[in-house]
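**Q** Encoded as structure tokens, here's the structure I'll be asking about.
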Amino acid sequence: MKIVILTGAGISAESGLGTFRDVDGLWTQYDLEEVATPEGFARNPALVHEFYNARRANCLNAAPNAAHTALARLEREFAGEVLIVTQNVDDLHERAGSRAVWHMHGDLAGALCAACGFRWDAPKVMTAGDPCPDCGAAMTRPDIVWFGEMPYLMDEILAALVSADLFVSIGTSGNVYPAAGFVEVAAQAGVATLELNLEASDVASGFDATRQGMASDLVPAWVAEVLAQAV
Ligand code: BV8
């Protein structure tokens, strides 16, 4: 049996990392156009690096919560295959022990040269003037997928979705595509679907079942159910 899990900012909310669209969300403090688009980076790279340097620092100070830990337990103890596709750019899944984690929107730990495409481990604090270790250009950006850019691993993700037995979405508002469209792809392929979220997402109606609550409650309970059934 194969389970594909999509996670969003809501799974890291209880670790203290801001979500995007909740009341005090990140997009209420920063203009998305200014800090999460290639155009914004071209206009003001220093502001974009300030935004991601702050999130990288928050991430270093954060710890995985019970939801991340439960998913790592599922991967360890479940007889079938477990894959996490995350929209998040933090490394809390990895720090909780999950190994099969695909970052479709990139991650804060990565640096990318906007001139030659070279990738390297991001320092804690990045500036646009940091020279690329490969080509030397001062066009350093965070290795993050911004709006209008193609998310990573899309072919692999779509193949995993249609070959899964269960698709579970955790902590995402269903606002951002193509991730918000994954439930449709799964459902059309006959895959069972479940949403675990604080409130019904914008795409909740596309799921076979939805449960509302805090991820740190819902996810450990759901993992325990799956492991009990699998016995
Ligand atoms: C693409 C990295 C095409 C940045 C992110 C016009 C122009 C251009 C594009 C578009 C357009 N109109 C639409 C689009 C497509 C666009 C899009 O969908 N826009 C939206 C706003 C309408 N998508 C894109 O641009 C994507 N690329 O389409 O490329 C293309 C085609 C060909 C060739 C080239 C390109 C790229 C999208 C990726 C953007 N980058 N992240 C960063 O992180 O800084 S997206 C950003 O939103 C976040 O990364 C996050 O991953 C994502 C989704 O947010 P959520 O994770 O869902 O977070 P949110 O706050 O919204 O919700 C949190 C949920 O958790 C809530 O429901 C809440 O109730 C719940 N919750 C809260 N606390 C808890 C909880 N649940 C449980 N427990 C709790 N404790």
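**Q** Which of (1) under 26 Å from I5 (Cα atoms); (2) at pLDDT below 95 does M139 not meet, given it meets every other one?
**A** Of the numbered conditions (1) under 26 Å from I5 (Cα atoms); (2) at pLDDT below 95, the odd one out for M139 is (1).
**Q** Oh, and also: Within 16 Å of the chain's Cα centre (by Cα) and not assigned by TED's automatic domain parsing to the domain that holds A186, is that true of R43?
**A** For R43, the condition - within 16 Å of the chain's Cα centre (by Cα) and not assigned by TED's automatic domain parsing to the domain that holds A186 - is not met.
**Q** Residues to consider are V23, V4, V85; find the one that is among the aliphatic types (A, V, I, L, M), within 13 Å of the ligand (Cβ to nearest atom) and modelled with pLDDT of 95 or more.
**A** The match here is V85.
**Q** Could you tell me which numbered condition S205 fails, if it satisfies all but one of (1) over 17 Å from the mean Cα position of the chain (by Cα); (2) closer than 15 Å to G10 by Cβ; (3) of a type in the set (S, T, N, Q)?
**A** Going through the list (1) over 17 Å from the mean Cα position of the chain (by Cα); (2) closer than 15 Å to G10 by Cβ; (3) of a type in the set (S, T, N, Q), S205 breaks only (2).
**Q** Suppose we keep only residues that are assigned to a loop (DSSP other than H, G, I, E, B) and out of contact with any Lys or Arg (no Cβ under 8 Å at 6 or more places or on another chain) within region 169-185. Which one would you say is surrounded by the fewest Cβ atoms within 10 Å (Cβ to Cβ)?
**A** Y177
**Q** Of everything in region 88-115 that's among the small types (G, A, S) and not in a loop (DSSP other than H, G, I, E, B), which residue is nearest to the ligand (Cβ to nearest atom)?
**A** Of everything passing the filter in region 88-115, G106 is nearest to the ligand (Cβ to nearest atom).
**Q** Does region 175-202 hold any residues that are within 10 Å of the ligand (Cβ to nearest atom) and under 21 Å from F147 (Cα atoms), and which are they?
**A** Matches in region 175-202: N175, V176, Y177, P178, A179, A180, G181, S201, D202.
**Q** Oh, and also: List pairs: first in region 207-227 and aromatic (F, W, Y), second more than 13 Å from the ligand (Cβ to nearest atom), Cβ under 7 Å, 6+ apart or cross-chain?
**A** F207/T193; F207/L194
**Q** Taking the options A109, A79, name whichever one is under 19 Å from the mean Cα position of the chain (by Cα) and surrounded by fewer than 20 Cβ atoms within 10 Å (Cβ to Cβ).
**A** Going through A109, A79 in turn, just one is under 19 Å from the mean Cα position of the chain (by Cα) and surrounded by fewer than 20 Cβ atoms within 10 Å (Cβ to Cβ): A109.
**Q** Considering every residue within region 49-66, establish whether at least one is within 9 Å of the ligand (Cβ to nearest atom), closer than 18 Å to A114 by Cβ, in contact (Cβ under 8 Å) with a residue 40 or more places away in the chain and surrounded by 19 or more Cβ atoms within 10 Å (Cβ to Cβ).
**A** Looking through region 49-66, at least one residue is within 9 Å of the ligand (Cβ to nearest atom), closer than 18 Å to A114 by Cβ, in contact (Cβ under 8 Å) with a residue 40 or more places away in the chain and surrounded by 19 or more Cβ atoms within 10 Å (Cβ to Cβ).
**Q** Further, regarding this structure: For the subset of region 151-168 comprising residues that are within 26 Å of E33 (Cα to Cα) and more than 7 Å from the ligand (Cβ to nearest atom), which member is surrounded by the most Cβ atoms within 10 Å (Cβ to Cβ)?
**A** That would be Y152.
**Q** Would you be able to tell me the number of residues in region 134-150 that are farther than 21 Å from L32 by Cα and of a type in the set (D, E, K, R)?
**A** 1
The values are calculated or read from the model by the stated rules, or taken from the named source; none is laboratory data. What you see is a predicted model, and the numbers here were worked out from it, not measured in a lab. FYI the Cβ positions are ideal-geometry reconstructions off the backbone, even for glycines, and counts take in every protein chain you see.
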